[in-house]
1. Within 10 Å of each Cβ of B:235-241, how many other protein chain Cβ atoms are there on average?
2. What percent do you get for the relative contact order of chain A when only Cα pairs under 8 Å and 6+ apart count?
3. Would you work out which of B:84, B:52, B:340 lies farthest towards the positive end of the dipole of chain B? Charges go on Cβ: Lys and Arg +1, Asp and Glu -1.
4. Taking the highest mean first, how do the peptides B:60-68, A:185-193, B:119-127 order by number of other beta carbon atoms within 10 angstrom per residue?
5. Which value, in nm² and rounded to one decimal, describes the direction-averaged projected area of the C-alpha convex hull of the protein assembly as shown?
6. Counting only other residues whose beta carbon sits under 13 Å from that of residue A:71, what net charge do I get with K and R as +1, D and E as -1?
7. How high is the relative contact order of segment A:4-76, given as a whole-number percent (alpha carbon pairs under 8 Å, six or more residues apart)?
8. How much mean residue ellipticity at 222 nm does chain B get from its helices, if each DSSP H run of length 4 or more adds -39500 (n - 2.57) and you divide by all residues, to the nearest 500 deg cm²/dmol?
Amino acid sequence: MNQLIEFRLDGVVCMGQKGQYIVDAASDNNIYIPTLCNIPGIKPRGACRICSVRVNGKLMTACTTPVSEGMDIESKSADIEDLRKAIIELLFTEGNHFCPACERSGNCELQALAYRYQMLVPRFKFQFSKRTVEASHPKLIKDHDRCILCKRCIRAIKDEKGRSIFAFGKRGHQVEINIDTKLSKNMTDEQALEAAEICPVGAILKKEQGFKDPIGQRKYDNEPIGSDIENLALQ
Amino acid sequence: MGQKLTIEPVTRVEGHGKVTIHLDDDNNVVQTRLHIVEFRGFERFIQGRPYWEAPVLVQRLCGICPVSHHLAAAKALDVIVGTGSEGLTPTGEKMRRLMHYGQMFQSHALHFFHLVSPDLLFGINARPEKRNVIEVAKEFKELAVQGVMMRKFGQEIIRATAGKKIHGTGAIPGGINKNLSIEERDFFVKGKDPLNIDKMIEWSQDALNLFKGYHKENRELVDTFAAFPSHHLSIVRKDGALDFYHGVLRAVDAKGDKILHDVDYQNYLDYIGEEVKNWSYMKFPFLKNLGTKNGWYRVGPLARLNTCDFIPSPLAQKEFEEFKAYTNGKPNNMSMHMHWARLIETLHAAEVMRDLLNDTDLQGRDLVTKGKKISEGVGVIEAPRGTLFHHYRIDKNDLISMCNLIVSTTNNNEPMNRAVRHVADAMISGQKSIKEGMLNAVEVAIRAYDPCLSCATHALGKMPLEISLYDKNENLLDLKTN
C-alpha cells in the first residue's frame, strides 16, 4: 500500500504518495507545474528545466524529484516563473519557430507555454540557426528547426524488442534527432502518429496529416495549457 | 526645364509603390511608370517545405485576401494528391466556395466603402484631409456603417469556414477540415439585423445604386477616365457562367472575340508568359500567342464581366444585363466601370452565399478525398483583384521543389501603367502648374484596379504608395506622400 505523506506547495498543505515525483503529486492536488520533456509513465530526465521548483531553498526539477514528508516546495514565486519564461524564450530564440505556418500550432506545448507565460519579445537574441528538414522517411518528417532536444521521442518510441527508434546524432551544438532506418522500416501508421504526437513541438510530423484539426478544436485553442489540472481545483 | 513628378506613396491601395511622371520643357508627359518597390520572396522560401504547408504559409503574403492564396494553393495540391480539380466531396467544395465568396464579399466591400467612396462622395479634387474614410464616417454615417458591417459579415463567413477571419487553415489538400454546424449556419441565415444574409443582399443593391447614381451625374468622367481598349482574361465556368472558384481560362480582345478559348489552366504555361523589367519588382504577364508587346491583358471584376456569358444568380444577372447593354454587349473598356462590375460581383457573392448557406451539403461529414499522388499541380482562382495562379512541384519526399505565383495585381501591371499614362496625358500634360488634385487623379486610376502591391511582389512588407516630380535632368522637384 502506498504511503501517504504531507508536503507544502506554495504554502498549501498537500498530500502525496511517498516516492511520487513532485510534478505528479502537484497534479494530484490540482496544481499545475509546467513540463515539456516529461511524459507521464516514462522515466523522467529533467532535460528542459521548465518544471524547476525551489525545494527547501534549492532549485530542483519537479519531474525528477520525489516528494518527501514535510517538503516545502516553491513553484509560483516571481523569480521561478521568470526563470520558466526565460527557458521558453531561450528555446524560441535557439531554434527557428514560425508558428503561423506550423501544423502543430494550437497543439504545440511550447507555443502553449509561451502564451501561458505571455511571451512577447524574447530577451535573448535570435540565433537563426541553420537547420534542415529531413523527409526521406516514408512516414515521418523531421523539422530540425523546431526540435527542442527533449528526448521524448527517444524515450517513448520503441520497437517490439524495446529498442529506441529515435536517437541523438552528431555532437555539441549540432546534436539532432535521428531515426534508425532499420528499426523504423516496419513502422506502422499508428506508430508514426504516436511519434508525431509524443513530440511537444512540430519537429516530428506524420506525413500528409497537417492541419486536419480545425482551428477552435485544437488542444490549446480554448484554454491555456495546464487548465485541465487547474480546472479540477475549481470544481 | 523638364520635370519628373513622383507620387510616393500611392494611397488607399494595398501595398507600397510609387508613380513617376516625366515632363518635357512644355510640361508635356513623355513617360509614366508605376513602380512597385517591394521585396519578393515567397516563391523561394516555400521551397523545401512539406507540400501541405503551402496553403497556410503562402497565404501570409496578404492580409486582405489571404483566402484566395489559401484556396489557390489548396487547389494546386488537390491535383498533386490525386483528387483533381473537380474531385472534391460536395461538402469539401461547397465549404471552400462559401469561404471564397465570403472573401470576395468582404474584400469588395472594403475596397468600395473604405478606399473608393471618398473619391466618389467628395470628388477627386477634394482636399486630401477630406478624402478619407473617417470623413465618410462623419458625413455619411449610415453608409460607413454598411461598409463596416458588410466587411464584417464576409469576415465572419471566413471565420466559420476557415477557422479564423485572417489566415485560417480550413482548406487542406483534397478537401476541407471542417463542415458548417447548424449553429454557425443560423448565425448567418437568421442573424439579428444587420448581420444576416438578406440584409447583405439588400445593402449590396444599395451600394450598386449609389454607384449608378454617381455614374448618372458624372457620366463623362466615369466613361472617359482612363478608358482604353485591352484584352480581358479570367476563368469562367465550363458553360460560360461567372465563377470565382473554378473553371477554364478564357480571354477576349477589346472587341469581344475570344483569344484564349476556354483552356485547362493546368497548361497555363503554354499560354501565359511573364516579362521582367528593370524598374519594377512586379513582372509583366502576357499571352504568349500575342507576344510581350500586344499580349497584355486586364483581370479583375471588369475582365470577368467581359469574359463570362452570364451570371448564375438572378439579381446579379439582371444587373449584368444592364451593364452589358451599356456597351451594346461588347467588352467594357472603361477603367472606372471596374467599380460598377465590382459591385455587381458583390451582389452575386451575397446571392451565392445565401444559396450555399441553405444547402445541407455544408453539414456533410465527408470532407476529404485523395487519389494517386503526382508531382505537380496548378491551382487557379478568381481572387477579388483578378485571376490568381499557384503552381507547385514536389520532390519524391513530399517537399516543395518549385513554386510559381502569378498574382492578380501582377496581371494588371501593364493596364495600371496604361491607366496612369492616360490620366497623365489627359489631366497633367501641358498644364502650367501641377495641382494636388491632378496627382490624386492618377491615384484614382490605379485605385480602380484595387491593386494589392504586397501580393503582387509576394512581398514581406510595407504598405503605402507615393507620387514625385523630377526635371529633365532627374532632379527631384516635388514629392507627395500620404
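Read-outs throughout are calculated quantities, based only on the coordinates presented, and are distinct from any laboratory measurement. Predicted model, so just to flag it, every value in this text is computed and none were measured. We place every Cβ from the backbone using ideal geometry, glycine too, and count neighbours over all the protein chains shown.
1. Working: counts 0, 0, 0, 0, 0, 0, 0.
Taking all residues of B:235-241 together, the mean is 0.
2. Values: 384 pairs, mean separation 46.6, N = 235.
That works out to 20 percent.
3. Going by the charge dipole, the pick is B:52.
4. Details: B:60-68: 23.8, A:185-193: 13.3, B:119-127: 16.8.
In descending order of packing, they fall as B:60-68, B:119-127, A:185-193.
5. Working: hull surface 144.2 nm².
Average projection, Cα convex hull of the protein assembly as shown: 36.1 nm².
6. Numbers: positive: A:8, A:18, A:54, A:58; negative: A:6, A:10, A:69, A:72, A:74.
It works out to a net charge of -1.
7. On the way: 144 pairs, mean separation 29.8, N = 73.
Over segment A:4-76, the number comes to 41 percent.
8. Values: 19 runs with 194 residues, N = 482.
So the calculated ellipticity at 222 nm is -12000 deg cm²/dmol.
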